[in-house]
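First the structure, in the form of structure tokens, and then the observations on it.
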Amino acid sequence: MTTDSPSRSRARRVNFHWVRHKDGEVEGRTERRLESDGHQAVESAPCPGEGWRVIDLCCGLGGISLAAQDLGCEITAGVDISDIALQTFKRHFPEARPIKGSITSRKTISAVAKLVADSKPRVRTLIVSGPPCQGFSAAGARVQRDPRNRVLAAVGRAIACLRPDAALVENVAAILGERHRASVRRFLGIIKSAGYNASILRLNASEYGVPQTRHRVIFLITKYVLDEKELQKFLANFRTSPVSVREALAGLMSPPVYKEAGAEQGKVPHNHVAMRHSERVRQKILAICPGTGPMSYRRLHPDKPARTLISGNRAPPAHFEEPRSITVREAARLQGFPDDFVVLGCFSNQMQLVTNAVPPPLARVALLTLFHALETSHGQAIVASAVVGEADRRGRARPRAD
């Protein structure tokens, strides 16, 4: 292993993932790789996202962008209507431009178009988006005329206007149901009219390293038809045995209660503060068997992945051992975020941002599948070792700008 002198510029890349050892034990691991001036401080796999800039529409706190950054992409902008979401996004992607506004607004899309036009001309553009899913979700009211459902079509129009090299759009699995067929048809019609093709992936996050059963649909949008069988074959490289709640939350201390000593003084991991419950609520939680309970206080099962985390006015799920709701940090772990990913805002805003996010490990798999399809279609297959986690022993690392 080589080291770099302080005078050399370095680019830090962080990757968080769950590792299952041969004895069955699971470890949450954060890898930090340093690359500079052709020297590597730590071995790193190829970066299939190098040469791509990302525009994140409905970015939230940046789950997809975090995965894209880990793969070497340059995060150029994040668009959202929430101030707190954009503040969190900016904290973790300081080089990106936060744009407040709805993507249904022409003014907002014009601002993005200007940013793309003023950026590096030879860099490929990737649009990613996880538009609001509450109107489509089986856990929501499923109102066909929910105004949030119109955002999906707006994402399609934005893609048609901005003309990216590719796009990736995530939503709930229920969007493909009969009830929402018209919304999806409209979205796909806009994409097709703009000269794009959409391949559809149906994924369960628990099969790809996320400690949570979370069924999602991913639209891979490209300028040519992708080989569906090849996509499925490639995805099989990532499937892994489920990570349980107990494994995911291992190592976290019992959190202090909100506004008690130590809760706000940096003595606990970021966002790891418990809600204050009355004794009646505590007893109610204790009476619920793990893995069961009403939507408002469903209790996690320690030896299974969590059920889908949802946002809204309902309380977050209860811990499997302690009589309390889970903390924002625990929810973030169940979504696959690293412990150093700080979420800003008050508790309710933090929990909503985390539960609405696209789990980074799932986004990483979807992005790798997209990049693989794009590269292999041009006869430039991504090295397989980059996919299954084996280190590619390159003699020289390509430097990246900070």
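The values are calculated or read from the model by the stated rules, or taken from the named source; none is laboratory data. Quantities reported herein were computed from a predicted structural model and do not represent experimental measurements. Note that each Cβ is placed from the backbone with ideal geometry, even for glycine, and that neighbours are counted across all protein chains shown.
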Starting from residues that are among the aliphatic types (A, V, I, L, M) and free of Cβ contacts under 8 Å to residues at least 60 places away in the same chain, keep the ones in segment 304-325 and report whichever is nearest to Ala287 (Cα to Cα).
Ala318
So, of the residues in segment 74-94 that are over 25 Å from Lys120 (Cα atoms) and touching a helix residue (DSSP H, G or I) at 6+ places or on another chain (Cβ under 7 Å), which turns out to be surrounded by the fewest Cβ atoms within 10 Å (Cβ to Cβ)?
Ile84
Counting only residues that are within 17 Å of Asp165 (Cα to Cα), more than 16 Å from the chain's Cα centre (by Cα) and not basic (Lys, Arg), how many does segment 46-72 have?
4
Note down all Cβ pairs under 6 Å where the first residue falls in segment 337-356 and is at positive phi, the second is assigned to a helix (DSSP H, G or I), and they're at least six residues apart or on different chains.
Gly345/Ile84
Residues of segment 286-319 that turn out to be of a type in the set (Lys, Arg) and assigned to a helix (DSSP H, G or I), as a count
0
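Among the residues that make up segment 208-224, is at least one of them surrounded by fewer than 17 Cβ atoms within 10 Å (Cβ to Cβ) and under 30 Å from His319 (Cβ atoms)?
Taking segment 208-224 as the starting set, the residues that turn out to be surrounded by fewer than 17 Cβ atoms within 10 Å (Cβ to Cβ) are 213, 215, 223-224.
Still in the list and also under 30 Å from His319 (Cβ atoms): 213, 215.
The answer is yes; a qualifying residue exists.
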Conditions first: (1) hydroxyl-bearing (Ser, Thr, Tyr); (2) within 30 Å of Val184 (Cα to Cα); (3) out of contact with any helix residue (DSSP H, G or I) (no Cβ under 7 Å at 6 or more places or on another chain). Ser296 passes all but one, so which condition is the exception?
(2)
Check every one of the helices (runs of 4 or more DSSP H) wholly within segment 320-387 and list those with 2 or more residues that are out of contact with any His (no Cβ under 6 Å at 6 or more places or on another chain) and at pLDDT below 95.
347-356, 360-376
Pick from Ala158, Ala154, Ala174, Ala167: which is in contact with a helix residue (DSSP H, G or I) (Cβ under 9 Å, 6 or more places away or on another chain), crowded, with 22+ Cβ neighbours inside 10 Å and in a helix (DSSP H, G or I)?
Ala158
Looking for whichever is in contact with a Leu (Cβ under 7 Å, 6 or more places away or on another chain), of a type in the set (Gly, Ala, Ser) and more than 22 Å from Ala68 (Cβ to Cβ) here; the options are Ser183, Ser193, Ser199. Which one fits?
Ser183
Given (1) of a type in the set (Asp, Glu); (2) buried (at least 18 other Cβ atoms within 10 Å of the Cβ); (3) modelled with pLDDT of 95 or more; (4) out of contact with any Phe, Trp or Tyr (no Cβ under 8 Å at 6 or more places or on another chain), index of the condition Glu35 fails
(3)
The one condition in (1) at pLDDT below 95; (2) assigned to a helix (DSSP H, G or I); (3) within 30 Å of Lys120 (Cα to Cα) that His180 fails to fulfil:
(3)
